[in-house]
Structures are given as structure tokens and as C-alpha cells.
Amino acid sequence: MKDPTFWLLARASGLTAYVLLTLSVLAGLAVKSRPFGRAVKAASATDTHRFLSLLALGAIALHAITLVLDQTVHIGLAALLVPGLAGYRPVATGLGVFAAELATLIILSFPLRKRIGVRAWRRLHFATYAVFAAATAHGLAAGTDTLQPWVFGLYLGAVFAVAAATAWRALNHPIRAKGAPHVPDRDRPIAV
């Protein structure tokens, strides 16, 4: 019998990465929409968002490494870089590779925000929705635990939470300090 250690680690790290990605997306939406009012400072929300993003990236890396080391499903290093190259459910694993690469690009853009411009950075950040959608599709289609009720519930809960937070963000305007002039969103410097 083959040692299942890496297979178990791959499954656990994949689900952990998805949870951290979901929390990062929610924290990112909270940075701008301020659903907790003034109870959470913008700088704290931003730091939490960045920290969760880095944790998610680390969990994604662990997921990828354990899949390469695992003997149950043979995934080579090249399959981690080229979407669709894996022999195991190529479309589903390709979505995971795409999501991981795009997430890496978005996370690497944090320190480059001033250099690339706030407007371009914000547009790039909208790609987070593509990352979340691709990661969800990857987990549902490639995950071997998807039919477990708690795992399927996790996916449903994550999608509902992100959809609800997005609706909140779209329907509510950020809280301004008393007496502060209204600055149109396109002219506002972002606090991320």
C-alpha cells in the first residue's frame, strides 16, 4: 500500500487554501465597504487582507508541492505551471493552476500599486473574482472530497459569503469622517 501522507496533505492544504482565499476576498471587500463602521480601522482591515492573501498563497504552494510529491495522482512540476497539462482532470486542475498564477500576480501587485497606478491596480484587483470563481470550480471538479456534505457546504457558504459581501459593497457607500468632503470613487486614493 502506498503511503497516503502526501495525498492527505494535498487535500487538507487545498481546502485550507480555499478557506484562506475566501477570507482574503471577504477582508478585501471589507476594506472598502467598511461593514463594521468605525469599529475596525481601515489600516487594520488592510493588514488583515494582505496577511490572509499571503497565507492563502502559502497554502496554495503547499497544496502544489504535496501534489507533486504524492504518488496517488501523478502531477509533475510542469503541470503546476501550464494549465491543462496534468493528466488528472486536466480542465479542473488547469483552473486551479490559472487561479494560483493569477492570485500570485495580484498579490505581487500590492507593493507596486503606486508604480502601476491606482486605476490599473484596482482593475487588476477585480481579477480576484476570476481567481475565486476558478478556485471554486477547481475545488468542485478536482476535489475528491467535494461530495462530502461538509465540503460541499463549505463551497456553498463561501460563494454565498462572497456574493453577499459583493452586494453589500455595491449597494453601500463607505463611511466618511464627519465634515469630510465627498470625493468621487474614481478620484479617491485607495487605502489598501
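The values are calculated or read from the model by the stated rules, or taken from the named source; none is laboratory data. Given the structure is predicted, the values throughout are model-derived calculations rather than measurements. Virtual Cβ from ideal backbone geometry, glycine too; neighbours counted across all protein chains shown. We work out accessible area using only protein heavy atoms, side chains counted, and drop any ligands, DNA or RNA first. Shrake-Rupley method; radii C 1.70, N 1.55, O 1.52, S 1.80 Å.
In the condition set (1) at pLDDT below 85; (2) surrounded by 16 or more Cβ atoms within 10 Å (Cβ to Cβ), Leu52 is compliant with all but (1). Looking only at residues in the stretch 134-151 that are free of Cβ contacts under 8 Å to residues at least 12 places away in the same chain and either in contact with a strand residue (DSSP E or B) (Cβ under 9 Å, 6 or more places away or on another chain) or assigned to a helix (DSSP H, G or I) (or both), the one that is nearest to His63 (Cα to Cα) is Trp150. Against the criterion of being over 21 Å from the mean Cα position of the chain (by Cα), over 23 Å from Pro35 (Cβ atoms) and charged (D, E, K, R), Arg89 qualifies. Residues that are in a helix (DSSP H, G or I), hydrophobic (A, V, I, L, M, F, W, C) and under 17 Å from the mean Cα position of the chain (by Cα) within the stretch 108-133 comprise Leu108, Phe110, Trp121, Leu124, Ala130, Val131, Phe132, Ala133, listed in sequence order.
Suppose we keep only residues that are closer than 15 Å to Ala99 by Cβ and in contact with a Lys or Arg (Cβ under 8 Å, 6 or more places away or on another chain) within the stretch 112-153. Which one would you say is surrounded by the fewest Cβ atoms within 10 Å (Cβ to Cβ)? Looking at residues that are closer than 15 Å to Ala99 by Cβ and in contact with a Lys or Arg (Cβ under 8 Å, 6 or more places away or on another chain), I get Ala141.
Scanning the stretch 60-75 for residues that are within 22 Å of the chain's Cα centre (by Cα) and surrounded by fewer than 20 Cβ atoms within 10 Å (Cβ to Cβ) yields a total of 4. Quick check on the stretch 3-13. Is at least one of its residues under 19 Å from Gly153 (Cα atoms) and either surrounded by fewer than 18 Cβ atoms within 10 Å (Cβ to Cβ) or of a type outside the set (Lys, Arg) (or both)? Within the stretch 3-13 (the criterion being under 19 Å from Gly153 (Cα atoms) and either surrounded by fewer than 18 Cβ atoms within 10 Å (Cβ to Cβ) or of a type outside the set (Lys, Arg) (or both)), the answer is yes, since at least one residue qualifies.
Of the candidates Lys32, Lys41, the single residue that is open to solvent by 60 Å² or more (accessible area, probe 1.4 Å) and among the basic types (Lys, Arg) is Lys41.
Among all positions in the stretch 11-27, there is at least one residue which is among the hydroxyl-bearing types (Ser, Thr, Tyr) and more than 19 Å from Thr128 (Cβ to Cβ). With (1) more than 16 Å from Gly143 (Cα to Cα); (2) modelled with pLDDT of 90 or more; (3) in a helix (DSSP H, G or I) as the list, and Ala43 as the residue in question, which single condition is left unmet? In the conditions (1) more than 16 Å from Gly143 (Cα to Cα); (2) modelled with pLDDT of 90 or more; (3) in a helix (DSSP H, G or I), Ala43 misses (2) alone.
Leu112 - would you say it is of a type in the set (A, V, I, L, M, F, W, C), over 18 Å from Leu15 (Cα atoms) and in contact with a Phe, Trp or Tyr (Cβ under 9 Å, 6 or more places away or on another chain)? For Leu112, the condition - of a type in the set (A, V, I, L, M, F, W, C), over 18 Å from Leu15 (Cα atoms) and in contact with a Phe, Trp or Tyr (Cβ under 9 Å, 6 or more places away or on another chain) - is met.
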